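Each remark here refers to the structure printed beneath this line.
The values are calculated or read from the model by the stated rules, or taken from the named source; none is laboratory data. Please read these numbers as outputs of a predicted model, since none were measured by experiment. A quick note on method: Cβ atoms are made from the backbone with ideal geometry, for glycine too, and the neighbour counts reach across all protein chains shown. Calculation scope for accessible area: heavy atoms of the full protein, side chains included, ligands and nucleic acids excluded. Shrake-Rupley method; radii C 1.70, N 1.55, O 1.52, S 1.80 Å.
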Amino acid sequence: MSASQKSTGARAGVVDAVVIGAGFAGLYTVYRLREMGISYRAFEQGGGVGGTWYWNRYPGASSDSESWVYSFTFSKELEQEWTWSCRFPEQPEILRYLEHVADRFDLKSQFDFDTRVSGATYDEAGACWVVQTSSGETVKAKYLITAVGCLSAAQVPKIPGLDQFKGKWYHTGQWPHEGVDFTGKTVGVVGTGSSGIQSIPIIAKQARHLTVFQRTANFSVPARNAPLSKDRVDQLKRDIGQIRETCRWANIGQPYDFRDAEALKVPAAERQQQFEADWQKGGFEWMFGSYKDLLADRNANELAADFVRDKIRSIVKNPDVANKLIPKGYPIGTKRLPLDQNYFETYNRDNVDLVDVRANPIEAIVADGIRTKDQTYKLDAIVFATGFDAMTGPLTRIGIRGRGGQKLEDKWSHGPQTYLGVATLGFPNMFMITGPGSPSVLGNMPTSIEQHVEWICGCISHIQKQGASTIEPTQSAEEHWGQHVKELADATLFPQTDSWYMGANIPGKPRVFLPYIGGFGTYRKLCNEIAEKGYEGFSIR
Ligand code: N01
């Protein structure tokens, strides 16, 4: 289908669906809607496809899921054609993959790029969404499908004086496309989440001097990235069907699951040996393929935390620096666990310093650097690896108004209320791909995205066949789901920690555990059952 055909079957300015975003989620949604013969318009604020991988071009940006699962499963041909170079692909390779998918399935022509959806209001009389774009266009659509990602609303902390800074500053999630050359520069990185931990080793190698401003010491596990041999590629391509099927039903959408054993119940020597063997493998399996009590029992968790603390002590040569880097006071895994490539080793370099900004807070940014309580650090460049307004931010920033003109951000002022993380009462026919209250960020995103897109498209087919005009959750279904999401989280250690999962990284954001933690497989089964029961918990009119 060519660009001129993308609104086939629709009157000018009126389509069945508007899709926002051209990352993994938006690309697959458009692919499916086109197959269904649903008319649509699709908008992307970036200049090309890729979503997360279009924006996050910081040095060292790479997937934390293995390449062979961090990809689409909907086309067997695509799966066999595409060959990944390594275990954890870096941003340029993932972007190339998404470009390839978009070209192979003629998806680029389906999007309006460089076009931000600047508002969407539900028109009750017309039973449609009225969508405005930054290009001044207004489009009416029966369905509004948000494919805006969970970690796409970048957060630069409000530190006084940033506008006075004479050097250059960057946020990892909005990295310049032409790249940044730090050679010979004095650089400061603020933040030690996944983005900081991935970029710090690379920036350290380039810069004349690097100062890391750390507020909370983070646990991290080695990625042990490596190229894939031809034999390994052949084997993966042979086994891919089985690997994918395991992912679909596993807890975090990965081809492994928690062991049926508890850390507290196995002998200490055996446990240590197991932690070490998993550490040598690298990747998330160290935690999420390990003992099943690690994220539910604080004593079990401490065993894993101590193992990593010992590793940090053994890697970092300066004991004072090691002590600052050792995470304390929160359970391991309850902040999103980063995977690293020589992160702790980087602090052995002569050109790297670590500032503990909890003990020595940042007071201001000044013309030539960052001023903390104790001293001023002169910098040519500042990198904010300070994260995102996760899960809700990408949605509440759009300007969505539901029935009666209610703003989404007002409805969610005490925390997001959704049913299945896919829909919210008062916003009929709006579908959120990997919205708050869905498993999404707790595992392999493409697995989560494909499940949501397929479920949403099935639901749209159902509504179309019924000749119905609206679908939205019932109040009781939404309340029950919110309670269920909370109860599941409360049975874990996650709510004990200040993390973006809890909204704790954004000043004033309600403290609510945002994703569904009951497991991908359980969630998939539940969604299937709800659909089989005629979309139980939804009101269809
Ligand atoms: O952001 P983060 P991120 N002063 O929120 C610190 C995904 N991701 O971009 O912990 C000083 O995790 C903050 O400190 P604290 C992944 O899901 C995936 O790194 O709040 N410091 C923290 O250290 C990930 O979890 C991949 O005390 C300040 C850091 O900044 C998510 O995105 C790669 C501060 C923010 O860490 C977000 O990761 C990268 C301030 N005012 C990201 N404000 C892959 O899979 C914040 N901080 C490839």
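Of all the residues in the range 276-292, those that are more than 16 Å from Asp340 (Cα to Cα) and surrounded by fewer than 20 Cβ atoms within 10 Å (Cβ to Cβ) number 4.
Being more than 10 Å from the ligand (Cβ to nearest atom) and either farther than 13 Å from Trp169 by Cα or not assigned by TED's automatic domain parsing to the domain that holds Val148 (or both) narrows it down to one of Ala359, Ala390, so name that one. Checking each option against the conditions leaves just Ala359. Residues considered: Val148, Val156. Of these, the only one that is surrounded by fewer than 18 Cβ atoms within 10 Å (Cβ to Cβ), closer than 23 Å to Arg57 by Cβ and either more than 16 Å from the ligand (Cβ to nearest atom) or β-branched (Val, Ile, Thr) (or both) is Val156.
Within the range 81-94, identify whether any single residue is open to solvent by less than 50 Å² (accessible area, probe 1.4 Å), within 16 Å of the ligand (Cβ to nearest atom), closer than 26 Å to Trp169 by Cα and not hydrophobic (A, V, I, L, M, F, W, C), and answer yes or no. Checking the range 81-94: at least one residue is open to solvent by less than 50 Å² (accessible area, probe 1.4 Å), within 16 Å of the ligand (Cβ to nearest atom), closer than 26 Å to Trp169 by Cα and not hydrophobic (A, V, I, L, M, F, W, C). Hey, among the residues in the range 479-512 that are of a type in the set (A, V, I, L, M, F, W, C) and assigned to a loop (DSSP other than H, G, I, E, B), which one's farthest from Lys142 (Cα to Cα)? Taking the candidates together, the pick is Leu493. Is it the case that some residue within the range 231-241 is assigned to a loop (DSSP other than H, G, I, E, B) and open to solvent by 10 Å² or more (accessible area, probe 1.4 Å)? Among the residues of the range 231-241, not one is assigned to a loop (DSSP other than H, G, I, E, B) and open to solvent by 10 Å² or more (accessible area, probe 1.4 Å), which makes the answer no.
Criterion first (surrounded by fewer than 20 Cβ atoms within 10 Å (Cβ to Cβ), closer than 23 Å to Gln273 by Cα and among the polar types (S, T, N, Q)) does Asn342 satisfy it? The answer is yes for Asn342. All conditions in (1) surrounded by 19 or more Cβ atoms within 10 Å (Cβ to Cβ); (2) in contact with a Gly (Cβ under 7 Å, 6 or more places away or on another chain); (3) within 18 Å of Ser62 (Cα to Cα) hold for Ile202, with the sole exception of (1). Hey, could you check the range 479-515 for residues that are surrounded by 14 or more Cβ atoms within 10 Å (Cβ to Cβ) and among the acidic types (Asp, Glu) and say which is farthest from the ligand (Cβ to nearest atom)? It comes out as Glu479.
Across the range 94-109, what is the number of residues that are touching a residue at least 24 places away in the same chain (Cβ under 8 Å) and either closer than 18 Å to Arg232 by Cβ or not basic (Lys, Arg) (or both)?
11
Scanning the range 177-223 for residues that are at positive phi and within 9 Å of the ligand (Cβ to nearest atom) yields one hit, Gly191. Are any residues in the range 388-408 under 11 Å from Pro436 (Cβ atoms), touching a residue at least 24 places away in the same chain (Cβ under 8 Å) and of a type in the set (Val, Ile, Thr), and if so, which ones? If the condition is that a residue be under 11 Å from Pro436 (Cβ atoms), touching a residue at least 24 places away in the same chain (Cβ under 8 Å) and of a type in the set (Val, Ile, Thr), then Thr392 is the only one that fits.
When only residues in the range 465-478 that are more than 13 Å from Gly534 (Cα to Cα) and part of a helix (DSSP H, G or I) count, which is most open to solvent (accessible area, probe 1.4 Å)? Per the stated criteria, the residue is Gln475.
When the residues of the range 34-49 are filtered to those that are touching a residue at least 40 places away in the same chain (Cβ under 8 Å) and over 27 Å from the mean Cα position of the chain (by Cα), the one that is most open to solvent (accessible area, probe 1.4 Å) is Met36.
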